[in-house]
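Throughout, read-outs are computed from the coordinates displayed, never taken from laboratory work. Computed from a predicted model, the values in this text were never measured in an experiment. Neighbour counts are summed over all protein chains in view; Cβ atoms, including those assigned to glycine, are modelled from backbone coordinates with ideal geometry.
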Amino acid sequence: MTLRRFRPYFRYLLDNRRTFFTAVFYGLLYGASSGLGLPAMVNYVFPPIFDRTGPALPTSVIAAIALAIPLVFLLRGVTGYLNSYYVTLTGTRILEAVRLDYFRKLQVLPLSFVQNRRTGDLISRGLADTAQLQNTLTVLANDGLKQPITLIAAIGYLVWQAVATEGVWLVLVCLATVPLAVLPIRYVGRKVVRRAEQMQAQLGNVTSQLSENLAAAREVRAFGLEARETHRFGVTTSALVKAQMNIIKYAQALTPAIEVLSATGIAATLVFAYGADVKLESFIAIIVALYMSYEPVKKLGALNSELKRGEASLDRLEVVLNAPVLIADPATPVVVDRLRGDLAFEKVSFSYGDNADSPALEEVTVRIPAGTVCALVGPSGAGKTTFANLVPRFYEAAQGGVTLDGHDVRALRLADLRRNIALVSQEPVLFNDTIFNNLALGLETATREQVMAAARAAHADDFITTLPQGYDTIVGERGALLSGGQKQRIAIARAFLRNAPVLILDEATSALDSDSEAAVQDALRHLVVGKTVLIIAHRFSTIRDASMILVFDKGRLVAQGDHASLYADNELYKSLYDRQNSSAN
Ligand SMILES: Nc1ncnc2c1ncn2[C@@H]1O[C@H](COP(=O)(O)OP(=O)(O)OP(=O)(O)O)[C@@H](O)[C@H]1O
Ligand SMILES: [Mg+2]
């Protein structure tokens, strides 16, 4: 049954049990006042008014009796309102909790999980599918209790009437039509579930295209892709419309189908009532009770298709929520504080995805003693960045192991490991925050003085102080308001601030002009002292001074040594070096 599918998520209801049970309480009152209150009211209010056989009643008494009508509706209205209010309150809190869990999970999933999926689709799952789940849970919490209670109350009234008025047959005929309504409900439920999944996937496509297009705003203009992109987006949105209508088509047919069934039930009741000699008020009360039992059936039918839609969204959410956190803290971690920085790779092989045929790294073995400035060189795609990525465990080596100070990196807590590493990546990303805060995330405990000293060391201070708001300037999304070189200097300043024993510089100065580069190189010379440094740079001026150079080619470590020995012995290194020098001159 579909309900079981949602069981792991009922804990969200329990976390909000006070508002939830308040909602349930009012739902109970609402159900009773609808299923029992309305038909009973009809039965007791009408006879004294229309019965002309007894003595005439004063108008005040009639008014008092008639007052029962608005009172029952008032009770029903107020309890219905409070029920909806508390159900919605519970629902929005659940949405918040599910979204937070989703976001929290995205933070700890392996980098490859996020990179192998479309950003827009992940956004859509976090927004649209969580909203669908909220809707389902609230409709379930609301109608799942209220409607069965209304149904039981109404049927209870019918049975009571059957006994009291001896119209047993009449009532049985009424009731016989109720189970028939299950047929269209099941039919629609089956139709909805797959279509709902397609619809949510299509919504993901729309978000993906939108986010991809916005990220490529410059390319769209440069290559004149405006019309092509608009056309592509149009195709995707119209597919979404089609998918949405595919659900609406079935879901909306449910209510009319059940109404026709209930009308048929009323007609049959009429025919039987003619032969059974029932009083008008009893008859009307029975019709009201019958209507009141079809109402919940209708709602339960809608709830069923809602559950199917929720199920589809849940499938999509669980792709993230239940994804294994492959890169996690070990069960019994080796506790370390500050590492020295003895780095070693032992027969490390690694490939992105399942593509084991062309590994990004193959059988790499190397020992980099603490305090070594080690340069990685090789053609583009040779595996330099991949090599560096394995040290902070951004990815996990398929075979072999990476050790720091003799500890396998998998034996350390991730936080301990990464606290010991400072990284300036190939494409540094800043947060849409002030420059100061972007710098300060290099070190949690940083003071204003420390932050500014780091900025000065990275030669970032010069440009920051010329900005209108200085350190308090907001840098825009991903740092869009800064130049490539400015972003790099901020990233380098973060590394200064972090002052970790292991430093990874991946093309850290590639976006700088030669003046700034010379200045930053100078600063880096201070930074690298006493640290284990992996430096990837295409300018050999940076590399020549390294005490150790690793040459990569097609994922293999093909040579290692210092500049002089490699230049003399290694063809690849010599050709890379000469090509650089000739193009530089
Ligand atoms: N996230 C990824 N998913 C799949 N394959 C990847 C990924 N990143 C890199 N690769 C592949 O792995 C290989 C090594 O890439 P890597 O980034 O390590 O090269 P590199 O030596 O740093 O090159 P460059 O000098 O151009 O930065 C390449 O063939 C590349 O296509
Ligand atoms: Mg690279």
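Remarks
- Among the listed pairs 347/384; 347/554; 105/191; 191/308; 105/347, those with a Cα-Cα distance over 20 Å are 105/191; 105/347.
- For residue 480 and residue 160, the difference between the fully extended length at 0.36 nm per residue and the C-alpha to C-alpha distance is 107.9 nm.
- Expressed as a whole percent, the proportion of Cα-Cα pairs in region 264-391 lying more than 24 Å apart is 67%.
- nm² value of the averaged projected area, convex hull over the Cα atoms of region 11-94: 6.1
- A viscosity of 1.567 mPa s and a temperature of 4 °C, combined with the Kirkwood radius over C-alpha pairs in the Stokes-Einstein formula, give region 436-528 a diffusion coefficient of 98 µm²/s.
- With the convex hull drawn around the C-alpha atoms of region 9-321, the volume per residue stands at 163 Å³.
- At q = 0.15, 0.25 Å⁻¹, base-10 log of I(q)/I(0) for region 234-274 (Debye sum, equal scatterers on each alpha carbon): -0.53, -0.79
- Whole-Hz couplings from phi, Karplus 6.51/-1.76/1.60, listed for region 77-92; x for Gly and Pro: x, 5, 5, x, 5, 4, 4, 4, 4, 6, 5, 5, 4, 4, x, 5
- Taken along its principal axes, the alpha carbon cloud of region 452-585 reaches lengths of 53, 33, 25 Å, longest axis first.
- Stokes-Einstein translational diffusion, region 55-162 - Kirkwood Rh over all Cα pairs, 0.692 mPa s, 37 °C, in µm²/s: 179
- Think of each Lys and Arg Cβ as +1 and each Asp and Glu Cβ as -1; about the Cα centre, that makes the dipole of the chain roughly 1400 debye.
- Length gained on full extension, residue 432 to residue 581: 49.7 nm, using 0.36 nm per residue less the C-alpha separation.
- Measuring spread by the Cα atoms of region 286-339 yields a radius of gyration and Dmax of 24.8, 81 Å.
- Per principal axis, descending, Cα span of region 370-474 in whole Å: 51, 34, 28
- Helix 130-165 axis, angle to the chain major axis (alpha carbon atoms, nearest 10°): 10
- Full-stretch length increase - residue 447, residue 10 - with 0.36 nm per residue and alpha-carbon distance subtracted: 152.8 nm
- Between residue 315 and residue 467, the distance separating the two model label sites (each 7 Å from Cα on the Cα→Cβ line) works out to 4.7 nm.
- Among 402, 271, 319, a tally of other beta-carbon atoms within 10 Å of each Cβ gives an order, fewest to most, of 271, 319, 402.
- The residues 582, 510, when put in order of fewest to most other Cβ atoms within 10 Å, stand as 582, 510.
- Simple label model, 7 Å out from Cα along Cβ direction - residue 399 to residue 180, nm: 7.0
- Helical contribution to [θ] at 222 nm, DSSP H n ≥ 4, -39,500 (n - 2.57), averaged over the chain, rounded to 500: -20500 deg cm²/dmol
- The chain: angle of helix 226-276 to the longest principal axis, Cα-based, in degrees nearest 10: 20
- Pairwise label distance in nanometres, residue 264 with residue 135, each label 7 Å out on the Cα-Cβ vector: 3.0
- Principal-axis tilt of helix 448-457 within the chain, Cα atoms, nearest 10 degrees: 50
- Relative to one another, the C-alpha centroids of region 250-313 and region 492-547 are positioned 76 Å apart.
- Likely footprinting exposure, 241, 373, fewest C-beta neighbours within 10 Å first: 241, 373
- Under 5 Å, built H, 5+ apart or other chain: amide partners of residue 433: 475, 476
- By the rule of a C-alpha distance below 12 Å, with chain neighbours fewer than 8 residues away ignored, the aspartates and glutamates paired with residue 531 are 342.
- Translational diffusion of region 86-149 was estimated from the Stokes-Einstein equation, with Rh taken as the Kirkwood radius over Cα pairs; at 37 °C and 0.692 mPa s the coefficient is 252 µm²/s.
- Distribution of pairwise C-alpha distances over the chain, 10 Å bins, in %: 3, 12, 17, 17, 14, 11, 8, 7, 5, 3, 1, 0, 0
- Taking the empirical scaling 2.2 N^0.38 Å for compact globular proteins as reference, region 330-401 has a Cα radius of gyration ratio of 1.20.
- Cα-Cα separations in region 322-370 greater than 16 Å, expressed as whole percent: 65
- FRET efficiency for residue 525 and residue 104, using Cβ-Cβ distance with R0 set to 30 Å, rounded to 0.05: 0.15
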